[in-house]
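Participant: Attaching a single structure in structure tokens format; questions to follow.
The values are calculated or read from the model by the stated rules, or taken from the named source; none is laboratory data. Since the model is a prediction, treat every value here as computed from it, not as a measurement. We place every Cβ from the backbone using ideal geometry, glycine too, and count neighbours over all the protein chains shown. With ligands, DNA and RNA removed, areas are computed over all heavy atoms of the protein, side chains included. Shrake-Rupley method; radii C 1.70, N 1.55, O 1.52, S 1.80 Å.
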Amino acid sequence: MELFFNPFDNLVCILLGISFTVWFTLLLVFIIVPAIFGVSFGIRRLYMKTLLKVFEWATLRIERGAKEKNHLLYKPYSNAIIAKEPTSLEEEIKEIRRSGSNKDLDSATEFELSDIFYFARRGVESIMDDEVTKRFSAEELESWNLLTRSNYNFHYISLRLTVLWGLGLLIRYGFLLPLRVTLAFTGVGLLVFLTSVVGLLPNGRMKNFLSEKVHLMCYRICVRALTAIITYHDSENKPKNGGICVANHTSPIDVIILASDGCYAMVGQIHGGLMGVIQRSMVKACPHIWFERSEVKDRHLVAKRLSDHVEDKSKLPILIFPEGTCINNTSVMMFKKGSFEIGATVYPVAIKYDPRFGDAFWNSSKFGMVSYLLRMMSSWAIVCSVWYLPPMSREEGEDAVQFANRVKAAIARQGGLVDLLWDGGLKRAKVKDTFKEEQQKLYSKMLVGTQEDRSRS
């Protein structure tokens, strides 16, 4: 019996050995070596152009099939805000009083029951055109990208489209996913090992040089683990040492997207498990800023640590996402003022993802980190553009909030995003009472102002 199975066992071993050798060689030649030197063979961009042609054909086929069967295609809602003429509370209330009463407005009482309709109308408008909660849900695409999770029209398909979708499923889960998981483990493993080794060297230029090369190589491998196709614009404005880089926040992979083109000092809370291992190894090679859980809420301590870091011009620029939460890449929400109080030079960065190839938005209320990464690695690709904006400094007489809003407006304008004043914390928290009180104060001010004008006359 042994003589019968031995040749078969040897053949299996030989085939497995050949497969492993070919796999590792392709990995080394086409991914790891280009990542080390920061070069690309253009394979990913060719892959992206091919996908676009397939998506266009699939969408046209769906539309033609729906027309033949007299089906109405689903039209996704817009993520844009309904345009309204900018009018003040006082003007709108006067308009309501004018349309609902024949009396002279000057002789009207301080309060009219019709004023209630203004607040009721605003409430209904807020419900119908909710510009906040729609920022925390994935964007519905106009076209189908062969991912069932991306468009409601995917069920209007023909046999050819079904076969194409099945083939895409096989490619994504049978080939791309294993390749990407292998690359992810390779990138993270090399990051932990090499930063730990570099951390053994004495502080100096050699250590800084090797740390920079190790971080760039490992992050570029991780970028390839997502088949990320990134276009960087205006690289002359890249953040410099002693500054703070601020960017809009869509996904945890924003860090990898930016760090694959330059080195940054990360800021965050100390974690346990695998993330803790990565943090401890990284800080050995490079001065990152990690806080204990008890220190995070101490604003003065956080500001002091950040200020001490930026004062040392030999240290890397700090990377911060002032929104504090992930937004679905259609808008930019309120920036927390902490990083703008330090007085350092701010380097704004705008990141815009193309959702046709894969939705990079992380809805943390719906998906855990593992399931989110699985969705990313089973998508077709992650395509995005990054703009480095000119450095900005706090102007004379400008407070931290005004400075933060000015930087936010510049990022929104460059990335083609909607500039919102709302706090991203509304994803999980209720509206603060101060927002309600603000409307009450405006209305009270209008009434008091009317009364004072009458007493003077």
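Participant: Work out Dmax and Rg for the stretch 158-428 from the C-alpha atoms and quote the Rg first, both in angstrom.
Facilitator: When restricted to Cα atoms, the stretch 158-428 yields Rg and Dmax of 19.2, 66 Å.
Participant: On full extension of the chain, what length is gained from VAL163 through THR25, given 0.36 nm per residue of separation minus the C-alpha to C-alpha distance?
Facilitator: 46.5 nm
Participant: Moving on to the next point. Ranked from highest to lowest mean number of other Cβ atoms within 10 Å per residue, what is the order of the peptides 177-186, 357-366?
Facilitator: My ranking of the peptides, most packed first, is 357-366, 177-186.
Participant: Suppose the chain between ARG205 and LEU52 were pulled fully straight at 0.36 nm per residue; how much longer would it get relative to their current alpha carbon spacing?
Facilitator: 50.6 nm
Participant: Separate question: Okay, which of the stretch 323-364 sit inside 19 Å, backbone N to the point 7 Å along the Cα-Cβ direction of HIS300?
Facilitator: Residues 337-343 fall inside that zone.
Participant: Any of LYS238/LYS337; LYS49/LYS238; LYS238/LYS366; LYS408/LYS441 with alpha carbons more than 24 Å apart? Name them for me.
Facilitator: From LYS238/LYS337; LYS49/LYS238; LYS238/LYS366; LYS408/LYS441, over 24 Å: LYS49/LYS238; LYS238/LYS366; LYS408/LYS441.
Participant: Quantify, in whole percent, the carbon and sulfur part of the accessible surface of the stretch 158-428 (1.4 Å probe; protein heavy atoms only).
Facilitator: The nonpolar share, carbon plus sulfur, comes to 62 percent.
Participant: Picking from TYR264, VAL188, LEU421, whose Cα lies most toward the positive end of the charge dipole for the stretch 158-428 (charges on Cβ: Lys, Arg +1; Asp, Glu -1)?
Facilitator: The one lying farthest along the dipole's positive direction is VAL188.
Participant: According to a simple spin-label model (label point 7 Å from Cα along Cα-to-Cβ), what is the distance in nm between GLU438 and ILE278?
Facilitator: Output for this residue pair reads 3.6 nm.
Participant: Next up: Tabulate in residue order the Karplus-calculated ³J(HN,Hα) for the stretch 402-417, using 6.51 cos²θ - 1.76 cosθ + 1.60 with θ = phi - 60°, rounded to whole Hz; enter x for Gly and Pro.
Facilitator: 5, 5, 4, 5, 5, 5, 4, 4, 5, 5, 4, 5, 6, x, x, 10
Participant: Ok, one more. Limiting things to C-alpha atoms, what are the Rg and the maximum Cα-Cα separation (Dmax) for the stretch 347-422, in angstroms?
Facilitator: 16.0, 50
Participant: Quick one: work out the % antiparallel among DSSP beta bridges in the stretch 158-428, nearest 5.
Facilitator: 25
Participant: With labels modelled as points extended 7 Å from the Cα through the Cβ direction, what inter-label distance (nm, one decimal) is found for PHE193 paired with SER378?
Facilitator: 3.0
Participant: Next question. Students often check this: by mean Cβ neighbours within 10 Å, which of 193-202, 211-220 ranks highest, and how do the rest follow?
Facilitator: 211-220, 193-202
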